[in-house]
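Everything below concerns the one structure shown next.
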Amino acid sequence: MGGINESNRKMVDIAKAPAGYDGPGFFATKLGLAVGLARKNSIWPLPFATSCCGIEFMATMAAHYDLGRFGSERMSFSPRQADLLMVMGTIAKKMAPVLRQVYEQMAEPKWVMAVGACASSGGIFDTYSVLQGIDRILPVDVYVPGCPPRPEQIIDGLIAIQKLVAKEPLGRRETPEYQAMLATYGIK
Ligand code: SF4
């Protein structure tokens, strides 16, 4: 009853305390590191799945791989309550404006993962009708290779996103550099 046993001690270890100073009854760290720790372990993904890679994502969410272990079990199908856009599948050029609208409806800070060859580069569909990578219309933080990627690769992509989230400085989104990057995509 109560206390931390060996099995849940491992779970506690997943969220390690950031660098700081501690002593009897206190722990001090930087605000940015504390915010990064909280954000990193509570990412809410919006799955934008159009084809086969989406099936791999379903396996990633299911019990065997269980993305919930990383704090991401709460999927959001509402862009306004999501902070990670996961694009999985072939994106037809006709669908590109819809994907772009979903991205723009998400609140900052937000991150984007291109899962699989199709989302990253158009994959095997080098045709007039398929977008040759979602980075033609919006900024991408992490690319996951594969056709399809295995669930382990998708988890690896999420861990890469977590590392970015944890170390992102507060206020980065308001910097002229970030705004200039958005401007290259025509995003205000
Ligand atoms: S990358 Fe391969 S598995 Fe994924 S959506 Fe494209 S064709 Fe399907």
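Assorted remarks:
- Qualifying residue in the stretch 156-178 (condition: within 12 Å of the ligand (Cβ to nearest atom), at pLDDT 95 or above and assigned to a helix (DSSP H, G or I)): no
- Gln153 passes every criterion in (1) within 16 Å of the ligand (Cβ to nearest atom); (2) in contact (Cβ under 8 Å) with a residue 24 or more places away in the chain; (3) surrounded by fewer than 18 Cβ atoms within 10 Å (Cβ to Cβ); (4) not charged (D, E, K, R) apart from (2).
- Filtered residue count, the stretch 110-128, keeping only those that are surrounded by fewer than 15 Cβ atoms within 10 Å (Cβ to Cβ) and either under 14 Å from the mean Cα position of the chain (by Cα) or closer than 19 Å to Cys147 by Cα (or both): 3
- When residues of the stretch 47-63 are limited to those that are out of contact with any helix residue (DSSP H, G or I) (no Cβ under 8 Å at 6 or more places or on another chain) and free of Cβ contacts under 8 Å to residues at least 40 places away in the same chain, the one nearest to the ligand (Cβ to nearest atom): Gly54
- Residue in the stretch 75-86 that is nearest to Tyr103 (Cα to Cα), counting only those that are touching a helix residue (DSSP H, G or I) at 6+ places or on another chain (Cβ under 8 Å) and not hydrophobic (A, V, I, L, M, F, W, C): Pro79
The values are calculated or read from the model by the stated rules, or taken from the named source; none is laboratory data. Since this is a predicted model, take the numbers as computed values, not measurements. Positions of Cβ are backbone-derived with ideal geometry, glycine not excepted, and every protein chain shown enters the neighbour counts.
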